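The values are calculated or read from the model by the stated rules, or taken from the named source; none is laboratory data. What you are looking at is a predicted structure, and each value in this text was computed from that prediction instead of being measured. Glycine also receives a Cβ, built like all others from the backbone with ideal geometry; neighbour counts cover every protein chain displayed. These accessible areas exclude ligands, DNA and RNA; they are computed on the full protein's heavy atoms, side chains included. Shrake-Rupley method; radii C 1.70, N 1.55, O 1.52, S 1.80 Å.
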Amino acid sequence: MSITLTATPARALADEPVHIRATGLAPLQIVTLVASMKDEKGYVYQSKAFYRANEVGELDLTQAPSYGGDYVGVHPMGLFWSLKPKKPFRRLLKHDVMNSPFWVTLNLYDSVSLQVSTTDQPRASQMVQRWFSGPGVQRVQIREGRVRGALFLPPGDGPFPGILDLFGGRGGLVEFRASLLATRGFAVLALAYFGYEDLPEKLEEIDLEYFEEAANLLLAHPKVFIQPPKIGVISVCKSVEIALAMACFLKLVGATICINGANAIYEFPLRYKDLVITPSPTFLERLQVDVIGALRLRHYKGDARNELNPKSVLPIEKAEGPILFIVGESDECLNSREYAEQALEQLRSHGRSNGRMLVYRGAGHLIEPPYTPLCYASPHEKHSDIVLWGGDPVGHATAQEHSWGEIQKFFREHLTQTRSKL
């Protein structure tokens, strides 16, 4: 009887699970499953796990535990979220989200194969496509006024809840989260704000009027809900400061998600009309070096309430809409739980109850859509130093899967008066 390896569906969205099974094995046979892929620059990522077939020679990853390899236990999508770069410290990012998937090859080998070479022949193979946009999703390049970005629209006439998608201090235009959210029924503007086209090469100040212009542009689109006339903002790391400032000062922000960020302005001043918020000081002497040689930035920013410039703390009690803080307890880049707890306490002290926090044990800094491999450390965009992001693979994977559902529920609840369109 021949060995068969199946992965269903073989073509799926990147945030969808795949059911992996093998049949035709010997009873209780030990096998190695290997996943491998290349990113768009040709760098290789690979994972492996050691499994035992059942009494009738079948293997189902929704039921069977891995006994070793890159993870242990029952983890149906473990081969995907445990992918590691062959070249250390690379972060897996999808750039072309519309025209090509990530191709993941699944191979099954006899017994325990610690080192699989290109000459080793697998007993069975399966190719899986992981797409970042669904059928009918449109991508519209945005170059209007000062605003630069990409607008992703779901299929159909709408109207859809509008979301502004902000990434952190890496610069450029990052689209993979926006395209996946559009596939789930949201109109999403992935916004660049430095290091892209004719925008400033480096981030030297936060001009909130630029983000207001982008929010107005999104809200004016005919396929975006205007009842209520509000948009959502999703942010991570540095952009959390921007998202919270938008929630404080712009009435058209109706719901804000902050993933592992600060509650005060750091490093660069924030300007909005006549208002200038000067940044809280940072402390180079608080940088630490991890055992792998990576920089731990967790304590570099300090506590804005106790330092030299308490006016840098954002007045989030002014935010009209709800705020969801998503926190990884193993974030090594920021003391993000402390910042979120400070923000919630600030709301409570002003009689506000519009903040909520989700804390994930074992999750690191870069909480992304489900099944994205953990990036524990990678080069910082501003310089060549390796920066520690933190997280353990299992806890981080659990956080990504759960928070992705919570993100969608949060925006649907607070940006639509009727759910009939969704």
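Tabulated results
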item: Flag if Leu374 is closer than 30 Å to Leu181 by Cβ, touching a Phe, Trp or Tyr at 6+ places or on another chain (Cβ under 8 Å) and not in a loop (DSSP other than H, G, I, E, B); result: no
item: All positions within the range 66-91 that are charged (D, E, K, R) and either assigned by the TED database to the domain that holds Gln400 or open to solvent by 50 Å² or more (accessible area, probe 1.4 Å) (or both); result: Lys84, Lys86, Lys87, Arg90
item: Those strands (runs of 3 or more DSSP E) lying entirely in the range 67-169 with at least 3 residues modelled with pLDDT of 95 or more and under 30 Å from Phe268 (Cα atoms); result: 138-144, 147-153, 162-165
item: Leu180, sole failed condition from (1) under 18 Å from His95 (Cβ atoms); (2) of a type outside the set (Lys, Arg); (3) assigned to a strand (DSSP E or B); (4) touching a residue at least 60 places away in the same chain (Cβ under 8 Å); result: (3)
item: Complete set of residues in the range 336-368 that are assigned to a loop (DSSP other than H, G, I, E, B) and surrounded by fewer than 21 Cβ atoms within 10 Å (Cβ to Cβ); result: His350, Gly351, Arg352, Ser353, Asn354, Arg361, Gly362
item: Within the range 159-207, tally of residues that are over 21 Å from the mean Cα position of the chain (by Cα), open to solvent by 20 Å² or more (accessible area, probe 1.4 Å) and over 19 Å from Leu244 (Cβ atoms); result: 8
item: The listed residue being aromatic (Phe, Trp, Tyr), under 21 Å from Arg146 (Cα atoms) and in contact with a Pro (Cβ under 8 Å, 6 or more places away or on another chain), out of Phe211, Phe249, Phe225, Phe194; result: Phe194
item: Counted residues, the range 1-56 - those being under 21 Å from Lys84 (Cβ atoms), open to solvent by 60 Å² or more (accessible area, probe 1.4 Å) and in a loop (DSSP other than H, G, I, E, B); result: 4
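Yes/no per residue for (1) within 18 Å of Arg337 (Cβ to Cβ); (2) without any contact (Cβ under 8 Å) to a residue 12 or more places away in the chain; (3) touching a Gly at 6+ places or on another chain (Cβ under 9 Å):
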site: Lys273; (1), (2), (3): no, no, no
site: Pro281; (1), (2), (3): no, no, yes
site: Val291; (1), (2), (3): no, yes, no
site: His299; (1), (2), (3): yes, no, no
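Residue-wise test of (1) assigned by the TED database to the domain that holds Glu329; (2) at pLDDT 90 or above; (3) polar (S, T, N, Q); (4) out of contact with any His (no Cβ under 7 Å at 6 or more places or on another chain).
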residue: Tyr266; (1), (2), (3), (4): yes, yes, no, yes
residue: Arg271; (1), (2), (3), (4): yes, yes, no, yes
residue: Ser280; (1), (2), (3), (4): yes, no, yes, yes
residue: Val289; (1), (2), (3), (4): yes, yes, no, yes
residue: Tyr300; (1), (2), (3), (4): yes, no, no, yes
residue: Asn306; (1), (2), (3), (4): yes, no, yes, yes
residue: Asn309; (1), (2), (3), (4): yes, no, yes, yes
